[in-house]
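Below is one structure, written out as structure tokens, with a few remarks after it.
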Amino acid sequence: MKLIMAVIQDKDSTRLSDALMKANFRATKLSSTGGFLKSGNTTFLIGVDEGAVDEAMAIIKDNCHSREQIVAPISPMGGNADSYVPYPVEVQVGGATVFVLPVEQFEQF
Amino acid sequence: MKLIMAVIQDKDSTRLSDALMKANFRATKLSSTGGFLKSGNTTFLIGVDEGAVDEAMAIIKDNCHSREQIVAPISPMGGNADSYVPYPVEVQVGGATVFVLPVEQFEQF
Amino acid sequence: MKLIMAVIQDKDSTRLSDALMKANFRATKLSSTGGFLKSGNTTFLIGVDEGAVDEAMAIIKDNCHSREQIVAPISPMGGNADSYVPYPVEVQVGGATVFVLPVEQFEQF
Ligand code: NI
Ligand code: NI
Ligand code: NI
């Protein structure tokens, strides 16, 4: 048994939950802030059998990896015209920081 | 020193806190959601000496184990009459998922 | 790679975050309650290279160690006059409970 602790962005949280559940992994989510990832983030705790670590890691990677996203310009209604960008821009989203911890004993009561 | 991480139901949280404190264990609670247990849950972090792991596990088991509870029927005032169950039913409550992690260094400042 | 889990008082949280960031450590904060420390507390997760554990521990100690603070008397406007203390008192603040956990695998996606 291993305990996977994965810090991911909030925006990928539902997608990761669904993918893990579909593959019969069970996760607990801790709400967390700042740190490894700049925006709001969530820490997943996932208990997995030794032989399933790679599968769980692949699911985390697939659903949370850092990637670029094209963001369309938004007209600055009521906003600051100085910061208005009139063309689509690429921003970095997602990303995951993942620790796999050894577990000495695992119980379900 | 070991670190016990126990995911339990919110409804057992106060009871477990009290029982741990009475036995001189000190716990930190992280609020968590979903996952190992269906309803709202709480993750306890409990630092324990090697020789006290069994005692702490017994306290968690005693206070959080999965059990059936008889729920009296509630009349569906303003609710959905289709889902109204007119007789007492047994529902599963409680349960705990517990990881015991090795600790390489422990400090209190 | 090691995972440092540090439970500290809320009042030291910003100071510790800043000090860790300045030293190029990256931390995630989990909000937590009760337990190891009496007042509101925060649990930091800090992933560090083996050779940097001592440096991170020193930063935690420096910014969160238990100490006495002189609290000036506050006049009990609208409060309970019975609990009014008319002279400065020393109170215990701060403190940290820190676990260093082994990490078997570490990934950033
Ligand atoms: Ni992709
Ligand atoms: Ni019982
Ligand atoms: Ni000092």
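The H on the amide N of B:Val103, modeled in the peptide plane, is under 5 Å from the matching H of B:Leu3, each at least 5 residues off or on a different chain. Taking amide H atoms as placed 1.01 Å from N in the peptide plane, the amide H of A:Ser66 lies under 5 Å from those of A:Gly95, A:Ala96, each 5 or more residues away in sequence or on another chain.
Counting partner chain Cβ atoms within 10 Å of every residue's Cβ in A:92-102, what's the average?
For this peptide, the per-residue mean of nearby foreign Cβ atoms is 5.
Residues of segment B:40-67 with the amide nitrogen closer than 11 Å to a label point 7 Å from the Cα of B:Asp10, along Cα-to-Cβ, please. Zone members listed by number: B:40-42. Stretching the chain fully between B:Asp62 and B:Glu90 yields a gain of 8.1 nm (0.36 nm per residue, less the alpha carbon separation).
Listed values for segment B:94-100 are Karplus-derived 3J(HN,Hα) couplings in whole Hz (6.51 cos²θ - 1.76 cosθ + 1.60, θ = phi - 60°), namely x, x, 8, 10, 10, 10, 10, and x replaces Gly and Pro.
With a 1.4 angstrom probe, the accessible area lost at the C-A interface totals about 1900 Å².
Amide H contacts of A:Arg26: A:Gly47, each under 5 Å away and 5 or more positions distant or on a separate chain (H built 1.01 Å from N in the peptide plane; Pro and chain starts excluded).
The values are calculated or read from the model by the stated rules, or taken from the named source; none is laboratory data. What you see is a predicted model, and the numbers here were worked out from it, not measured in a lab. Because the Cβ atoms are built from the backbone with ideal geometry, glycine has one as well, and the counts that use them run over all protein chains shown. In case anyone asks, the SASA skips ligands and DNA or RNA and just uses the protein heavy atoms, side chains included. Shrake-Rupley method; radii C 1.70, N 1.55, O 1.52, S 1.80 Å.
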